[in-house]
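**Student:** To start, I am sharing the structure in question, which I have written as structure tokens.
Laboratory data are not the source of any read-out in this text; all were calculated from the coordinates shown. This one's a predicted model, so the numbers in the text were calculated from it and none came from an experiment. Here the Cβ is made from the backbone with ideal geometry for all residues, glycine too, and neighbour counts use every protein chain on show.
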Amino acid sequence: MHILTYDDSTHRQAVIALWKNVFGYKSAHNAPALAIDKKIAVDDLFFVAEDGGEVIGTVMAGYDGHRGWIYSLATAPDRRGHGIGSSLLAHAEERLAALGCIKVNLQIVAGNESVRSFYEANGFAVEDRISMGKRLD
């Protein structure tokens with residue numbers, strides 16, 4: 001397995017297929033192609049795990065100069081349990097740390113215990129915060 005920076009001409013269709021399979025996005029604002037376009041317009045903190053030329057995982061990171069964020073960590077369902085997600089997460093954390101980031105946040109859907117357990121096993125802890133959002137479209 002190799003972790004590479006996302007390349008639109010090489011990875012786009014495979015990432016879209018993976019995200020549709022893993023996340024099952026239904027809202028237009030979460031459409032994989034739109035998310036990819038918006039991310040690559042901003043920075044290159046977007047990584048894929050490949051094995052034999054096949055995209056088997058993804059992670060996106062963000063950094064605002066104060067905190068880092070983890071988004072769209074996905075592993076192909078038939079490849080879970082082999083450290084791919086943890087490797088992608090560690091790679092994103094290393095890239096964020098190289099930018100001077102000292103704290104990383106992420107959000108998961110309440111009740112998703114398997115994802116919560118994954119992040120806890122990778123050093124994350126639930127913090128006493130209220131996550132709020134506002135759509136601007």
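**Student:** Has the range 116-123 got at least one residue that is touching a Gly at 6+ places or on another chain (Cβ under 7 Å) and more than 15 Å from His11 (Cβ to Cβ)?
**Tutor:** yes
**Student:** List the number of the failed condition for Ile84; all other conditions in (1) among the β-branched types (Val, Ile, Thr); (2) more than 24 Å from Asp43 (Cβ to Cβ); (3) surrounded by 11 or more Cβ atoms within 10 Å (Cβ to Cβ) hold.
**Tutor:** (2)
**Student:** So Glu94 passes all but one of these: (1) within 29 Å of Ala28 (Cα to Cα); (2) out of contact with any Lys or Arg (no Cβ under 8 Å at 6 or more places or on another chain); (3) not polar (S, T, N, Q). Which condition number does it fail?
**Tutor:** (1)
**Student:** Right, next: Name the single residue that is farthest from Gly68 (Cα to Cα) among those in the range 6-19 being surrounded by fewer than 16 Cβ atoms within 10 Å (Cβ to Cβ) and touching a helix residue (DSSP H, G or I) at 6+ places or on another chain (Cβ under 9 Å).
**Tutor:** Ala17
**Student:** Separate question: Test of understanding: among His91, His29, His66, which residue is more than 19 Å from Tyr6 (Cβ to Cβ) and in contact (Cβ under 8 Å) with a residue 60 or more places away in the chain?
**Tutor:** Criteria check complete, one pass: His29.
**Student:** Which of the residues spanning the range 20-43 are surrounded by fewer than 12 Cβ atoms within 10 Å (Cβ to Cβ), closer than 23 Å to Val104 by Cβ and among the charged types (D, E, K, R)?
**Tutor:** Lys38
**Student:** Okay, moving on. Please go through the range 66-99 and give me each residue that is under 20 Å from Ser131 (Cβ atoms) and more than 15 Å from the chain's Cα centre (by Cα), ordered by number.
**Tutor:** His66, Arg67
**Student:** Can you run down the residue pairs with Cβ atoms below 8 Å, 6 or more apart or on separate chains, where the first is in the range 1-26 and part of a helix (DSSP H, G or I) and the partner is among the hydroxyl-bearing types (Ser, Thr, Tyr)?
**Tutor:** Correct list of pairs: Val15/Tyr6; Val15/Thr58; Leu18/Thr58; Trp19/Tyr25; Trp19/Thr58; Trp19/Ser72; Val22/Thr75; Phe23/Ser72.
**Student:** Out of (1) in contact with a strand residue (DSSP E or B) (Cβ under 9 Å, 6 or more places away or on another chain); (2) without any contact (Cβ under 8 Å) to a residue 60 or more places away in the chain, what's the single condition that is false for Val109?
**Tutor:** It is condition (1) that Val109 fails.
**Student:** Among the residues of the range 48-81 satisfying the criterion of being among the hydrophobic types (A, V, I, L, M, F, W, C) and touching a Lys or Arg at 6+ places or on another chain (Cβ under 9 Å), which is nearest to Ala35 (Cα to Cα)?
**Tutor:** Met60
Quick grid of which residues meet (1) among the β-branched types (Val, Ile, Thr); (2) surrounded by 12 or more Cβ atoms within 10 Å (Cβ to Cβ):
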site: Asp51; (1), (2): no, yes
site: Val59; (1), (2): yes, yes
site: Gly65; (1), (2): no, no
site: Gly68; (1), (2): no, yes
site: Arg80; (1), (2): no, yes
site: Asn105; (1), (2): no, yes
